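Just so you know, all these numbers are worked out from the coordinates, no wet-lab data involved. Given the structure is predicted, the values throughout are model-derived calculations rather than measurements. Cβ atoms come from the backbone with ideal geometry, glycine included; neighbour counts cover every protein chain shown.
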Amino acid sequence: MTAEALRMQRTLIEADVLRLTDRIEAAQRDATAIPKLTQDFPGMTLGDGYAVQLMLLRRWLAEGQRQVGWKAGLTSKAKMDQMGVRVPTVGFLLATMFRPENTAITTRDLVHPRVECEVAFVTKAPLSGPYCTREQVLAATDFVVPAVEIIDSRFSGFQFDLPSVVADNSSSARYVTGGRARLPADIDLSTLGVVIEKNGEIVTMGASTAVAGHPADAVALVVKVLHELGESLPAGSFVMSGGITEAIAVQPGDFVCARFQELGSVAMRFV
Ligand code: OOG
Ligand code: MG
């Protein structure tokens, strides 16, 4: 058995995957905080976490929701340090999670919203397999756009471990895009500076190299994880490469603007 297959090994019986999926779905729908899943299932593995995430995805697709792509989670050191988890993850993105820029975003339906700035990729060719490279990702990229992800962990106090956060769809909640779409060949994607302003003040800043060395490497990582899960990235996918800086907590009344070198800015307010 390969190291990857071992990592994705499952220990939970189907009935428990179903129970945990119910629990996550209710917490996301009702915006209520729950204890991390490993409290009741201490032996849960990363593979079990993905089994819950994929059951949740299948449920929503069966309800008629549309998937637009995937996100990478915990691909920067700032994010790993902030959350105390050291392995990058993936999460799915649904059309219903999208919010237009320069609009008011409600926090009533979120538990603990936080914002992150990310470079997002839109693909024009499929990507798959265990050996996906930065070059393949760049060749398959139609354009990149700046994005803000509004993450929301459904676990009390934003306290979680790897299997729990993966089951909770890697804290996916909302995302906003804006700014300027650019061709990857026209800019140096590894050295883009970013600044997040909250209520007119700079609250954090960073550079895109923080994301796995190059945001396209984070997308390659997504493809590899998807391969381990028996999935791949179709052409036309929207992929967020992961927060560059640590995430910033927001509350009603806050105005947030993420400014990206070369890609313009993405702004929103919270109500
Ligand atoms: C996990 C999700 C991390 C990112 O961009 O690194 C993530 C979390 O921090 O709750 O979306
Ligand atoms: Mg993120």
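Quick look at the values:
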{"read-out": "Separation in nanometres of the label points that stand 7 Å from Cα toward Cβ, at THR103 and PHE143", "value": "1.9 nm"}
{"read-out": "Relative contact order (percent, whole number), the chain, Cα cutoff 8 Å, 6+ residue spacing", "value": "27 percent"}
{"read-out": "Cα gyration tensor shape of the stretch 133-207, rounded if a/c is under 1.5, else prolate or oblate by comparing a/b with b/c", "value": "oblate"}
{"read-out": "Ranking of TRP70, TRP60 by count of other Cβ atoms within 10 Å, fewest first", "value": "TRP60, TRP70"}
{"read-out": "Amide hydrogen neighbours beyond the local backbone of GLY242, cut-off 5 Å, H modeled", "value": "ALA72, VAL119"}
{"read-out": "Environment charge of LYS77, counting only residues whose C-beta is closer than 13 Å and scoring Lys/Arg +1, Asp/Glu -1", "value": "0"}
{"read-out": "Among CYS132, SER241, ILE24 the positive-end extreme of the charge dipole of the chain (Cβ point charges)", "value": "ILE24"}
{"read-out": "Pairwise Lys count, the chain - Cα closer than 24 Å, eight or more residues apart or different chains", "value": "12"}
{"read-out": "The chain: Rg to Rh, with Rh as the Kirkwood radius over Cα pairs", "value": "0.94"}
{"read-out": "Unit charges on C-beta of K, R, D, E only; dipole of the chain, Debye", "value": "200 debye"}
{"read-out": "Vicinal HN-Hα couplings computed from phi for the stretch 171-187 (Karplus, 6.51 cos²θ - 1.76 cosθ + 1.60; Hz; Gly/Pro x)", "value": "6, 4, 9, 9, 8, 10, 10, x, x, 10, 6, 10, 7, x, 5, 8, 9"}
{"read-out": "Counting DSSP beta bridges with both ends in the chain, the antiparallel % (nearest 5)", "value": "85 percent"}
{"read-out": "Built amide H within the under 5 Å cut-off of VAL90, gap 5+", "value": "GLY73"}
{"read-out": "Global geometry of the stretch 103-228, whether rounded, prolate or oblate, following the gyration tensor of its Cα atoms and the 1.5 cut on a/c", "value": "oblate"}
{"read-out": "Computed [θ] at 222 nm, deg cm²/dmol, the chain (DSSP H ≥ 4; -39,500 (n - 2.57); rounded to nearest 500)", "value": "-8000 deg cm²/dmol"}
{"read-out": "Amide H contacts under 5 Å for SER265, placed H, 5+ residues apart", "value": "GLY179, ARG180, PHE260"}
{"read-out": "DSSP-loop trypsin sites (Lys or Arg not before Pro) across the stretch 31-77, with at most 14 other Cβ within 10 angstrom", "value": "ARG66"}
{"read-out": "Reduced Cα scattering model of the stretch 3-154, Debye log10 I(q)/I(0), q = 0.11, 0.19 Å⁻¹", "value": "-0.52, -1.63"}
{"read-out": "Length-normalised contact order of the stretch 1-117 in % [C-alpha pairs under 8 Å, at least 6 apart]", "value": "26 percent"}
{"read-out": "Contact order normalised by residue count of the stretch 77-162, Cα under 8 Å, 6+ apart, percent", "value": "36 percent"}
